[in-house]
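Chemist: Below: one structure in structure tokens.
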Amino acid sequence: MRDGRCRRKRWQARDLAACPGFRSRGRFAGAPACPGMPRQAAAKLREESPRPSAFNVNLANLERQLSFLREIDELKSVVRMTPLINQSRRENSAEHSWHLAMYALVLSEHAAAPVDVVRVVKMLLIHDIVEIDAGDVPFHDPSARAGQAELEQQAAERIFSLLPDAQATEFRGLWSEFEAGESDDARFAKALDRFQPLLHNAATGGGSWVECQVTEAQALARYRPPIERGAPALWEASARLIQAYFDKS
């Protein structure tokens, strides 16, 4: 004691551990818990605190990722022939891709073989991105597909290359796997890609079947192979929907 006053302890960062109220989490968490700490000591603690690791981002990779995300917004402008079930308008390819991802989550138990649902969802979200450049070719107009494969390959090269190299390789690989349709995951994804527009047409009085003058025989021939191969139970449901529609038309 001197002059009736207590000497104030000289606080240092190392003394904080001894403070009963010290909180170790957070950049400034310790300071408010110890009312006796002078402002100078609190300022020193702030200076000595490590910077958050969030500052250590790869800015070049981030910019490429954002460039890709800006580019794929164009998929919302690619209009398909398939009508919305409420028949207010046609769906676009971005909506189609989202809807198929939901189909995969909901219907995976009906796949012909065990599948990795996450990989199937990725394929379905990616599979039509090439339509930004190549456009959507109506399923019921085979003659329009001339040269389409080459256009889609060129589109895949351009669009996926916007991503950082590792992601570009992954996405391009998933897209190519879907196109080949040989793995169990790809077969199921392709089955859903055919089943969804079929379901819409059946629910909207024919939809693109009417517009393209599709016969029952053509519908059976075009839908059956991919759907039955990837999801036999969905093909049984599809065959009933096709028969019910053409029986009434």
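The values are calculated or read from the model by the stated rules, or taken from the named source; none is laboratory data. On a predicted model such as this, the values are computed, not experimentally measured, just so you know. When we count neighbours, we look across all protein chains shown, and the Cβ atoms used for this are built from the backbone with ideal geometry, even at glycine.
Chemist: Exactly one condition in (1) of a type outside the set (Gly, Ala, Ser); (2) at pLDDT 95 or above; (3) surrounded by 15 or more Cβ atoms within 10 Å (Cβ to Cβ) is false for ASN61; which is it?
Modeler: With respect to (1) of a type outside the set (Gly, Ala, Ser); (2) at pLDDT 95 or above; (3) surrounded by 15 or more Cβ atoms within 10 Å (Cβ to Cβ), ASN61 is out only on (3).
Chemist: Just wondering, is there one or more residues in the stretch 197-216 that are surrounded by fewer than 16 Cβ atoms within 10 Å (Cβ to Cβ), modelled with pLDDT of 95 or more and over 21 Å from VAL79 (Cα atoms)?
Modeler: Checked against the condition, which is being surrounded by fewer than 16 Cβ atoms within 10 Å (Cβ to Cβ), modelled with pLDDT of 95 or more and over 21 Å from VAL79 (Cα atoms), the stretch 197-216 yields at least one hit.
Residues checked against (1) modelled with pLDDT under 95; (2) surrounded by fewer than 20 Cβ atoms within 10 Å (Cβ to Cβ):
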position	(1), (2)
HIS96	no, no
HIS99	no, yes
TYR103	no, no
HIS110	no, yes
PRO142	yes, yes
GLN154	no, yes
PHE160	no, no
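Chemist: Suppose we filter ILE126, ILE132 for residues that are buried (at least 19 other Cβ atoms within 10 Å of the Cβ), more than 30 Å from VAL210 (Cβ to Cβ) and of a type outside the set (Asp, Glu); which single one remains?
Modeler: ILE126
Chemist: Kindly list, by first and then second residue, each pair from a residue in the stretch 179-192 that is among the hydroxyl-bearing types (Ser, Thr, Tyr) to a residue that is buried (at least 17 other Cβ atoms within 10 Å of the Cβ), limited to pairs with Cβ atoms under 6 Å and residues at least 6 apart or on different chains.
Modeler: Between residues of the stretch 179-192 that are among the hydroxyl-bearing types (Ser, Thr, Tyr) and residues that are buried (at least 17 other Cβ atoms within 10 Å of the Cβ), the close pairs are SER183/GLU177.
Chemist: I would also like to ask the following. Any residue that is at pLDDT 95 or above, over 26 Å from ALA221 (Cα atoms), of a type in the set (A, V, I, L, M) and crowded, with 19+ Cβ neighbours inside 10 Å - is there at least one of those in the stretch 171-185?
Modeler: Taking every residue of the stretch 171-185 in turn, at least one turns out to be at pLDDT 95 or above, over 26 Å from ALA221 (Cα atoms), of a type in the set (A, V, I, L, M) and crowded, with 19+ Cβ neighbours inside 10 Å.
Here is a yes/no grid of residues against (1) over 26 Å from THR169 (Cβ atoms); (2) among the acidic types (Asp, Glu); (3) in contact with a His (Cβ under 9 Å, 6 or more places away or on another chain):
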| residue | (1), (2), (3) |
| --- | --- |
| ASN86 | yes, no, no |
| VAL115 | no, no, no |
| LYS122 | no, no, no |
| ILE126 | no, no, no |
| ASP133 | no, yes, no |
| GLU150 | no, yes, no |
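Chemist: Within the bounds of the stretch 90-107, is there any residue that is touching a residue at least 40 places away in the same chain (Cβ under 8 Å), farther than 14 Å from PHE188 by Cβ and part of a strand (DSSP E or B)?
Modeler: yes
Chemist: Moving on. Using beta carbons and a limit of 7 Å, which pairs, at least six apart or on different chains, have the first residue in the stretch 225-249 and more than 11 Å from ALA191 (Cα to Cα) and the second one at pLDDT below 95 and of a type in the set (Lys, Arg)?
Modeler: none
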